[in-house]
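Chemist: What follows is a structure written as C-alpha cells; I'll ask about it next.
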Amino acid sequence: MTTEEEKTAPPPAPTDSPAKRGGVLGRLSWGLADQAVSSMINFAVGIYVARELGVDAFGVFSLAWLTYGVVLNVSRGLATDPLMVRFSAVPEAAWRAAASRSSGAALAVGATLGALCVLVGLGLGGEVGSAFTCLGAALPCLLLQDSRRFAFFAAGSGQKAFFNDSVQGVALIPAMLVAARFGTVAAFILAWGAAALAAAGYGFLQSGIRPRVTEARGWLREQRDLGSRYLVENVSLSGAGQLRAYGLGAIAGVGAVGAVRGAELLQGPFLALLMGLSLVTVAEAARVLRQTPERLGRFCFLLGGGQAGAALLWGSALLLMPDRLGEMVLGDVWHEASPLILPATLGVAGAGLGSGAAAGLRALAAARRSLRCQLFASACYLGGGLGGAALAGTVGSAWGVATATACGSALWWLQLRAALREHLRAASSSRSESRSEARSESRSEAPEGNSQVRTQ
C-alpha cells in the first residue's frame, strides 16, 4: 500500500548493530569532512576576490555567484536530487547506470544554461557582461563536478567526494594566482571554472563513469514526478535570493549587495554546509527510513538542532571579532558587513533547523509537501528582504530575511510531522492487510486438507 507521495516498496527489517551504527557515523563524518572542504573553497574564493577587487567589483562577482546558485539548483532538482532519493543504497550496477545518466543530465543543463548566460553577457557588455559570459563558459564544468559529489554520496562513498573536492581546492591555488595578475571579475570566474574542470576529470578516474548526455532526456522523463517539483522547489529558493540581490542593488546600490555577500562569507562554513548538506543528509535519512522509519523524526531533529546550535556558536564568535581582524579578512568590505552579523547568524540558524525537516521530507519523497514549504519560505525570504530594504536599507533587509527564515522553518517541521504520520499509518495498514490475507489463506486451505483426509 502506497500513498500518493511514496512509491517505493517497504524496506526490509533492520538490524541495529554496532557495525551499522559505525557505518552511519562514518558516512556522516566523511560528509562533514567534504562539506568542510567545500566551505573552505567557497570561503577562500570569496575572501580572495573581496580583498583583491573591492566592494563594488565584489558586488558584480556576487551577482554572478548568485546566478550560479540558481543554475546549480536547476541541475540538482532535475538531475541529482532524484538520484539521491531513488538510488541511495542500491546495488552497484543500478547506481552506476543512474549516476552516468544523472551526470549527463547535469552536463546538459550546464551547457544549455551556460549558453544562455553567454548570450546575456554579450548583450549586457561591460564588467557585468564579461562576468556573465565567463560564467556561462564555466557552468558545464561546475555542474558536472557537483554531480560527481552527489553520485558518490548516493553510493555511500563520501571519502571519494572529499578527495574530489580536495583536488578542486588544490587546483584553485594556482588558478587564483593567475587570475590575480589580471585583476578582473571575469578572470576569477574562469579560474573557478578551471578548478572545477580538474576535479570533474579526477571524478572520472575515481569512478570510471562517463556522463551520458544522450540519455539526459530519458532521465528527465523518467524522474519527472520528482524532478519537476524539486526543480520548482530549488529554483524558488535560489531565485528568491537572486531577486533579492537585484532588488537590493536597485534600492541601496551594488555596494549593498557586496556588504550582504560579505556577511554571508563570514557565515561561510555553515552557508556552504547548508547548500550542499543534502549530499549527506538525504541519503542518510533515506537509509533511516528504510531501516527504522519510526526514528526518522528524531534523526531530523538532531540534524537540524545540531546545525542551528553550531551556527549560533559561530555567530557568537563573529560578534566578538575585533575590527582589526575583520579588516584583515574582508578588507574594506568589513565595515559594511559587520552590522549584518547578528541577523545573518539568526537567519543561518533558522535555515539549519529547517534543513533537518527538509531532509526528512526528501527521504519520504513527499515532493508536494516540500514544494509547498519551499514556495512559502521563498516568498517570505523575498518579501522580507526587499521589504526590509525599503524600510531600513541593508540592515533592514538582513533582519527581514532572518524573520522570514524562522517562519519558513516552522512550516517545514509542521509538514514533516504530517508526512511522517501518513507514512507510518500507511505502513501499519499495509502490515494489517498482509496479516489478514495470510489468515484468510490459512482458513481456506484448512477445509480442503480435512476433506482429503476423509477421502483417504
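The values are calculated or read from the model by the stated rules, or taken from the named source; none is laboratory data. Given the structure is predicted, the values throughout are model-derived calculations rather than measurements. Here the Cβ is made from the backbone with ideal geometry for all residues, glycine too, and neighbour counts use every protein chain on show. SASA here: full protein model, heavy atoms, side chains in, ligands and nucleic acids out. Shrake-Rupley method; radii C 1.70, N 1.55, O 1.52, S 1.80 Å.
Chemist: So, in the stretch 288-337, exactly how many residues are assigned to a helix (DSSP H, G or I) and within 29 Å of residue 415 (Cα to Cα)?
Modeler: So the count comes out to 27.
Chemist: Just checking, does the stretch 397-416 include any residue being more than 20 Å from residue 304 (Cβ to Cβ), part of a helix (DSSP H, G or I) and more than 27 Å from the chain's Cα centre (by Cα)?
Modeler: There is no residue in the stretch 397-416 that is more than 20 Å from residue 304 (Cβ to Cβ), part of a helix (DSSP H, G or I) and more than 27 Å from the chain's Cα centre (by Cα).
Chemist: List pairs: first in the stretch 235-258 and closer than 20 Å to residue 351 by Cβ and modelled with pLDDT of 75 or more, second of a type in the set (Phe, Trp, Tyr) and assigned to a helix (DSSP H, G or I), Cβ under 6 Å, 6+ apart or cross-chain?
Modeler: 240/381
Chemist: Also, I was wondering about something else. Which number in (1) over 19 Å from residue 66 (Cα atoms); (2) surrounded by 20 or more Cβ atoms within 10 Å (Cβ to Cβ) marks the one condition that residue 197 misses?
Modeler: With (1) over 19 Å from residue 66 (Cα atoms); (2) surrounded by 20 or more Cβ atoms within 10 Å (Cβ to Cβ) applied to residue 197, the lone miss is (2).
Chemist: Among 291, 267, which is touching a helix residue (DSSP H, G or I) at 6+ places or on another chain (Cβ under 9 Å), within 30 Å of residue 336 (Cβ to Cβ) and modelled with pLDDT of 75 or more? Walk me through it before giving the result.
Modeler: On the way: 291 fails: within 30 Å of residue 336 (Cβ to Cβ).
Only one candidate passes the filter, namely 267.
Chemist: With respect to residue 413, is the statement that it is modelled with pLDDT of 85 or more and in contact with a Pro (Cβ under 7 Å, 6 or more places away or on another chain) true?
Modeler: no
Chemist: Continuing with this model, one more query. For residue 157, work out the one condition from (1) modelled with pLDDT of 90 or more; (2) open to solvent by less than 30 Å² (accessible area, probe 1.4 Å) it doesn't fulfil.
Modeler: (1)
Okay, residues lined up against (1) within 30 Å of residue 253 (Cα to Cα); (2) crowded, with 21+ Cβ neighbours inside 10 Å; (3) modelled with pLDDT under 75:
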| position | (1), (2), (3) |
| --- | --- |
| 382 | yes, yes, no |
| 385 | yes, yes, no |
| 419 | no, yes, no |
| 440 | no, no, yes |
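Chemist: Turning to a different aspect of this structure: Is it the case that residue 8 is open to solvent by less than 60 Å² (accessible area, probe 1.4 Å) and either at pLDDT below 85 or out of contact with any Lys or Arg (no Cβ under 9 Å at 6 or more places or on another chain) (or both)? So that I can check it myself, show each step before the final result.
Modeler: On the way: open to solvent by less than 60 Å² (accessible area, probe 1.4 Å): no; either at pLDDT below 85 or out of contact with any Lys or Arg (no Cβ under 9 Å at 6 or more places or on another chain) (or both): yes.
No; evaluated as a whole, the condition is false for this residue.
Chemist: Being open to solvent by 20 Å² or more (accessible area, probe 1.4 Å), of a type in the set (A, V, I, L, M) and either over 26 Å from residue 59 (Cβ atoms) or part of a helix (DSSP H, G or I) (or both) narrows it down to one residue among 179, 137; which is it?
Modeler: Just a single option satisfies the conditions, and that option is 137.
Chemist: Next question. What about residue 109, is it more than 19 Å from residue 234 (Cβ to Cβ), β-branched (Val, Ile, Thr) and either over 19 Å from the mean Cα position of the chain (by Cα) or assigned to a helix (DSSP H, G or I) (or both)?
Modeler: no
Chemist: Before we move on, is residue 262 in contact with a Gly (Cβ under 9 Å, 6 or more places away or on another chain), open to solvent by less than 20 Å² (accessible area, probe 1.4 Å) and part of a helix (DSSP H, G or I)?
Modeler: Details: in contact with a Gly (Cβ under 9 Å, 6 or more places away or on another chain): yes; open to solvent by less than 20 Å² (accessible area, probe 1.4 Å): yes; part of a helix (DSSP H, G or I): yes.
It is true that residue 262 is in contact with a Gly (Cβ under 9 Å, 6 or more places away or on another chain), open to solvent by less than 20 Å² (accessible area, probe 1.4 Å) and part of a helix (DSSP H, G or I).
Chemist: Let me ask something else about it. On the basis of being over 22 Å from residue 234 (Cβ atoms), surrounded by fewer than 24 Cβ atoms within 10 Å (Cβ to Cβ) and hydroxyl-bearing (Ser, Thr, Tyr), does residue 397 make the cut?
Modeler: Values: over 22 Å from residue 234 (Cβ atoms): yes; surrounded by fewer than 24 Cβ atoms within 10 Å (Cβ to Cβ): no; hydroxyl-bearing (Ser, Thr, Tyr): yes.
It is false that residue 397 is over 22 Å from residue 234 (Cβ atoms), surrounded by fewer than 24 Cβ atoms within 10 Å (Cβ to Cβ) and hydroxyl-bearing (Ser, Thr, Tyr).
Chemist: Read through the list (1) open to solvent by less than 30 Å² (accessible area, probe 1.4 Å); (2) assigned to a helix (DSSP H, G or I); (3) more than 21 Å from residue 259 (Cβ to Cβ), then give the number of the only condition that residue 365 fails.
Modeler: Residue 365 satisfies every listed condition except (2).
Chemist: Does residue 59 satisfy the criteria of being part of a helix (DSSP H, G or I) and farther than 28 Å from residue 266 by Cα?
Modeler: So residue 59 does not fit the description; no.
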